[in-house]
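Trainee: Okay, here's the structure, questions in a sec.
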Amino acid sequence: MSAASQAQAVQAPTLTDKQEAILAFLRENAPTKTYFKSRLIGDELDMSAKEVGTNMPALQQADIDLDVEKWGYSSSTTWKVTA
């Protein structure tokens, strides 16, 4: 493996199973919805709101086809997701 390939491997961390599940949920729903509450994502994926909130920063930093932005905090963190 070349030095450039190794550097790319370090810069592009893989997502965990939970992060992949959240990403799949967001990809499926982002075309029709923009704002998502951690609590409601968790309900759909059998996770707690805390688990969702803990895993969302990895999606914010990942090189994915969605833009994920922390948006609000009332009754559960809200995330703005755009394609």
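Trainee: Return, ordered by residue number, the residues of segment 53-70 whose backbone nitrogen is under 20 Å from a label point located 7 Å along Cα→Cβ of Glu20.
Mentor: The answer is 53-66.
Trainee: Largest first, how would Thr32, Thr82 line up by accessible area (1.4 Å probe)?
Mentor: The ordering from most to least exposed comes out as Thr32, Thr82.
Trainee: Same structure again: What are the ³J(HN,Hα) couplings of segment 59-71, residue after residue, when phi is run through the Karplus curve with 6.51, -1.76, 1.60 and θ = phi - 60°? Round to Hz, x for glycine and proline.
Mentor: 6, 4, 8, 6, 8, 10, 7, 10, 9, 10, 10, 5, 10
Trainee: Skipping prolines and chain starts, which residues have an amide H placed within reach, meaning under 5 Å, of the one on Trp71, given they are 5 or more residues away or on another chain?
Mentor: Counting only residues 5 or more places away or on other chains, the set is Thr78, Trp79, Lys80.
Trainee: With θ taken as phi - 60° and the coefficients 6.51, -1.76 and 1.60, list the Karplus ³J(HN,Hα) couplings across segment 28-41 in order, rounded to whole Hz; mark glycine and proline as x.
Mentor: Karplus values, whole Hz, x for Gly and Pro: 5, 9, 4, x, 10, 9, 10, 10, 10, 8, 3, 4, 6, 4.
Trainee: Okay, next question. Just to be sure I follow: if Rg is taken over the C-alpha atoms of segment 34-83 and Rh is the Kirkwood radius over the same atoms, what is Rg/Rh?
Mentor: Rg/Rh for segment 34-83 comes to 0.94.
Trainee: Put +1 on the Cβ of each Lys and Arg and -1 on the Cβ of each Asp and Glu in segment 13-83; which of Phe25, Ser75, Ser38 then has its Cα farthest toward the positive end of the dipole?
Mentor: Ser75
Trainee: Between Lys80 and Leu45, what length comes free when the chain is fully extended (0.36 nm per residue of separation minus the Cα-Cα distance, one decimal in nm)? Please report the intermediate quantities before stating the final value.
Mentor: Numbers: separation 35, 0.36 × 35 = 12.60 nm, distance 1.81 nm.
My answer for the length gained is 10.8 nm.
The values are calculated or read from the model by the stated rules, or taken from the named source; none is laboratory data. The structure presented is a predicted model; accordingly, all values stated were derived computationally and were not measured. Reconstructed Cβ throughout: ideal geometry from the backbone, glycine too, with neighbour counts over all protein chains shown. Just so you know, the surface numbers come from the protein's heavy atoms only, side chains and all, with ligands and any DNA or RNA stripped out. Shrake-Rupley method; radii C 1.70, N 1.55, O 1.52, S 1.80 Å.
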